[in-house]
Amino acid sequence: MNVMEPRSKRGNASDGTIGGRLSRFDGRLKITGGATYALEQPVARLAYAVLVQSQIAAGRVIKVDAKRAQAAPGTLLVLAPDDDLGLKMASDWYGNRPDNQPFYPLSSTVSFNGQAVAAVIGETLEQATEAARLVDIVYEEASAIIDFDDPKAGDGKTLDALAVTWGDAQAALAASPVRIEAEYRTPREYHVTIEPHGLIAQWHGDKLTIWEPSQWTHGMARTYAEWYGLPYDNVRIISPFIGGGFGSKATAYAYGAIATAAARKLGRPVKLAVTRPQTFTAYGGRAETRQTIALGANADGVLHSIVHRGASETATYADFPEQTNAATPLMYAVENFSAKHRLVPVNTVMPGALRAPGKNPSAFGLESAMDELAYAVSIDPVELRLRNYAERDPQSGKPWSTRRLREALCEGGDAFGWSRRSFAPRSMRDGRQLIGWGVACGTFPVLRASSEALIRILADGSVDVVSGAIDMGQGTYTILAQTAAEVLGVPVESINVRLGDSSLPGATVAGGSMLAGAITGAVHKTASAARDELIELALNDGASPFRDTGANTLTVADGRISVPRDGGLSISIADLMTALGRDVIETRRNTLPEGEQGPDGHTKAWTTMGSIQGPTAGEFSMHSWCAHFVEVKVDEDFGTIRVSRMVSAFDCGRIYNPKLAESQWRGGIIMGISQALLEEGLVDQRNGRVINNNLGDYLVATNADIPPIQVISVGIPDLNASVLGGKGVGEVGIVGVAPAIANAVFHATGKRVRHLPITLDKLL
Ligand code: MCN
Ligand code: MOS
């Protein structure tokens, strides 16, 4: 597969190295219909699976009457709860696996409304859909906890591992001359990727091929292999193009087990397309959170204490913490600190990771609270943040590898015109529009992982770059071509990148904003080895034209290999390959540490999260940083809120492709605007059903909601963070946007909204 655009569409070749502003190679294919998505894969003899989801929030399925469904035209198979599909539980993300436990993807125990309880497989989608409607299910209902404000939900449980403490926060708070305390809340939120979920599953004997959009082909292949007790290599996940994931496509879900099991039972390929409404419960979105933050400070705004207590909802059957204190211990210098997070089980699907999990709601609380403190002590909110600037990581005590948050605040503020802000709420207006200016900061950790790559230099001088890593729109194809082009000294036009297939070399998850750093590192290492091999052959092979030049070193640039002196021999790589009589020079390398080069090391690194290094694993504390500046206009009569202007400054280290990184930042910011003003999963209090489970009712920002957004990079290369000096880009953009908007709304109106989304009713 060649995902490259014609030369004419890509600007000049000098852009083709790291740091160049190339457009995404897959962009044209995606918008012209040239990209084949998983569910569009043409596969002969497809049968169609349709999920039946529970209509109660808690209880048991006591009877499934499939007679009517079975008699309907085209029905091939009905799967009911507790049918033994022969599956075993798979490992968790870290590779821990329960011993020999059966796995029932359809369970008679109902833990949430919308849980898959049956499935119908038919000759056509229409027939399966109709037959699914005819499955009669009898439930025994139990009392359910619909949301985490229900008194029955209780306080849940404290997660000790997430507690952070130093100094004596309660005493220091009590002794502080200025104290503020408030509760902040965020609702359930959903990924709503434009490409919904699903898969096509096909068996050949005990080999399983799956076309499924995936943020992590290797990790998901492992799960499927473990469910079926197959060797890892028997499962192949193919996912070259993905229409957005935002955290929701990194795991195999129950519907994947259902489709693959049905395909095995029927002996023919099965397609299962999760419908848009079903996506709201086929996997979890961002959990609802609440948090109380108390800040103790001097009259001059210097912090003495932070006391933070937060909670997030989780499922009754599994835990996923949306950690409200994920950002709190990192942002400001403070001598006394205490944070705890609780999990409250309710009858929901297990929540999941959604762009910047934890950091996002955490920053909403802390950065709103800092604005409240700024007003309590009458100090400009930017100035307050600078007064409390953390010169090293207050939690680990380690020095920052790089932290250009001061520069982000200063340069972002300058670009925005912050110095022209008048401090008092309701002091700026444009006719009937109240104007508010707000600021907030964000952060996301640098996670490091190993990956692997394969490079082929071909006879015509073109180069294949091959990895099982994925591109869901972030730009992986493009930055890998740039990395290989730079190292190999070939024009980016002659590079073909192939991704998105678990049978290709191993890669970490496109999650935690770590893929770009990991996989550019692997491609850089592999390309360097390929280049060395090419030069070695050119110098030493008997058939090489360079043998007679007496050169002991050669350079490679613009697709040519040359003796580095004026008038020295210079030939194209293609001509050298012909002279050498070689069809291909192939190199495969990984970035695993020495001690982990064996098969176990590979399995752990590519198929689990067990080898991932956190931000303080080494001597430094490593994170991306940002500062957002927002202008809102609030209509004084109607209370409507528009974001009219934004400037955001980022420290993400070195940027591999500024055009793509800027697009990532803007994408995150747009999701943040959406979160601040629109997004809110609404649950029917009678039965736990997600009411607004479609794109008509679950509101997300559209073009008309989005103002001009200026983004600025203030980063410098951070070589502790990654081989090329970049830090993560994909998630940090959303962090801090919602509080910046809430702070701007306070400045405009004098009204502090502490519960997202900031809808006009909350301004009354
Ligand atoms: N980049 C760069 N310079 C850097 C780091 C990154 O230019 N120093 C650019 C590159 O174009 C790279 C991209 O930013 O491809 C993202 O890199 P990185 O921050 O490493 O993130 P990942 O590749 O691991 O991608 C995952 C990340 C996450 S976790 C979510 S959630 C998210 C995101 O990316 N989901 C996305 N961005 C998304 N973008 C799109 N279009 N769709 C999604 O679902
Ligand atoms: Mo991103 S939520 O880590 O896939």
Test set (1) among the acidic types (D, E); (2) over 30 Å from P105 (Cα atoms); (3) touching a helix residue (DSSP H, G or I) at 6+ places or on another chain (Cβ under 7 Å) - E322 fails condition number: (2)
Matching residues in region 238-290 - criterion: being within 16 Å of ligand 2 (Cβ to nearest atom) and hydrophobic (A, V, I, L, M, F, W, C): I242, F246, A250, A252, A287
Conditions (1) under 24 Å from E195 (Cβ atoms); (2) in contact with a helix residue (DSSP H, G or I) (Cβ under 9 Å, 6 or more places away or on another chain); (3) outside any loop (DSSP other than H, G, I, E, B); (4) away from ligand 2 (no atom under 16 Å from the Cβ); number of the one not met by L504: (3)
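Please pick out the residue among G733, G668, G653 that is at pLDDT 95 or above and at positive phi.
Checking each option against the conditions leaves just G653.
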Verdict on D637 being among the acidic types (D, E), in contact (Cβ under 8 Å) with a residue 40 or more places away in the chain and surrounded by 16 or more Cβ atoms within 10 Å (Cβ to Cβ): no
Subset of region 483-525 [near ligand 1 (Cβ under 9 Å from one of its atoms) and not aliphatic (A, V, I, L, M)]: T508, G511, G512, S513, G517, T520
Any hit, region 270-287, residues being part of a loop (DSSP other than H, G, I, E, B) and more than 17 Å from V192 (Cβ to Cβ): no
Residue count, region 379-419 (criterion: assigned to a loop (DSSP other than H, G, I, E, B) and farther than 16 Å from A744 by Cα): 15
Selection status of R689, surrounded by fewer than 24 Cβ atoms within 10 Å (Cβ to Cβ) and under 23 Å from T520 (Cβ atoms): no
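Can you report the number of residues in region 21-35 which are assigned to a loop (DSSP other than H, G, I, E, B) and in contact with a Phe, Trp or Tyr (Cβ under 9 Å, 6 or more places away or on another chain)? Explain how you work it out, then say what you get.
As a first pass, look at region 21-35 and keep what is assigned to a loop (DSSP other than H, G, I, E, B): 21-26, 32-35.
With in contact with a Phe, Trp or Tyr (Cβ under 9 Å, 6 or more places away or on another chain) added as a condition, the list becomes 24-26, 35.
Final tally of qualifying residues: 4.
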Residue tally, condition within 30 Å of I758 (Cα to Cα) and surrounded by 14 or more Cβ atoms within 10 Å (Cβ to Cβ), over region 165-183: 5
Qualifying residue in region 464-487 (condition: on the phi < 0 side of the Ramachandran plot, without any contact (Cβ under 8 Å) to a residue 40 or more places away in the chain and not polar (S, T, N, Q)): yes
Selection from region 235-250 of residues that are out of contact with any helix residue (DSSP H, G or I) (no Cβ under 7 Å at 6 or more places or on another chain), more than 11 Å from ligand 1 (Cβ to nearest atom) and in a loop (DSSP other than H, G, I, E, B): P240
Among residues of region 640-654, those that are buried (at least 24 other Cβ atoms within 10 Å of the Cβ) and more than 16 Å from ligand 2 (Cβ to nearest atom), counted: 8
Condition met for R432 (assigned by TED's automatic domain parsing to the domain that holds G365 and within 16 Å of ligand 1 (Cβ to nearest atom)): no
Test for R222: is it touching a Phe, Trp or Tyr at 6+ places or on another chain (Cβ under 9 Å), in contact (Cβ under 8 Å) with a residue 40 or more places away in the chain and away from ligand 2 (no atom under 16 Å from the Cβ): yes
Count of residues meeting criterion [within 11 Å of ligand 1 (Cβ to nearest atom) and either assigned to a helix (DSSP H, G or I) or of a type in the set (K, R) (or both)] in region 722-740: 4
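Okay, residues lined up against (1) buried (at least 24 other Cβ atoms within 10 Å of the Cβ); (2) among the hydroxyl-bearing types (S, T, Y); (3) touching a His at 6+ places or on another chain (Cβ under 8 Å):
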residue	(1), (2), (3)
R185	no, no, yes
E189	yes, no, no
Y224	yes, yes, no
G229	no, no, no
S248	yes, yes, yes
G256	yes, no, no
A259	yes, no, no
A263	yes, no, no
Members of region 351-378 found to be within 16 Å of ligand 2 (Cβ to nearest atom), among the small types (G, A, S) and either surrounded by fewer than 24 Cβ atoms within 10 Å (Cβ to Cβ) or in a loop (DSSP other than H, G, I, E, B) (or both), listed by number: G352, A353, A356, G358
Check on G542, more than 16 Å from ligand 2 (Cβ to nearest atom) and under 23 Å from A356 (Cβ atoms): no
Subset of region 687-721 [over 30 Å from V274 (Cβ atoms) and either in a helix (DSSP H, G or I) or more than 16 Å from ligand 1 (Cβ to nearest atom) (or both)]: P707, P708, Q710
Criterion violated by G412 - all others in (1) under 30 Å from G521 (Cβ atoms); (2) surrounded by fewer than 24 Cβ atoms within 10 Å (Cβ to Cβ) satisfied: (2)
Strands (runs of 3 or more DSSP E) enclosed by region 93-203 - at least 2 residues per element that are at pLDDT 95 or above and not β-branched (V, I, T): 116-122, 136-141, 178-186
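Among the strands (runs of 3 or more DSSP E) lying completely within region 424-487, list those that include at least 1 residues that are in contact with a strand residue (DSSP E or B) (Cβ under 7 Å, 6 or more places away or on another chain), within 16 Å of ligand 2 (Cβ to nearest atom) and not hydrophobic (A, V, I, L, M, F, W, C).
Working: elements: 433-445, 452-458, 463-466.
Ranges flagged: 433-445.
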Candidates A318, A311 - the one that is of a type in the set (A, V, I, L, M) and not in a loop (DSSP other than H, G, I, E, B): A311
V745 buried (at least 24 other Cβ atoms within 10 Å of the Cβ), in contact with a Gly (Cβ under 8 Å, 6 or more places away or on another chain), farther than 15 Å from W665 by Cβ and among the β-branched types (V, I, T): yes
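The values are calculated or read from the model by the stated rules, or taken from the named source; none is laboratory data. Everything numeric in this text was worked out from a predicted model, so none of it was measured. FYI the Cβ positions are ideal-geometry reconstructions off the backbone, even for glycines, and counts take in every protein chain you see.
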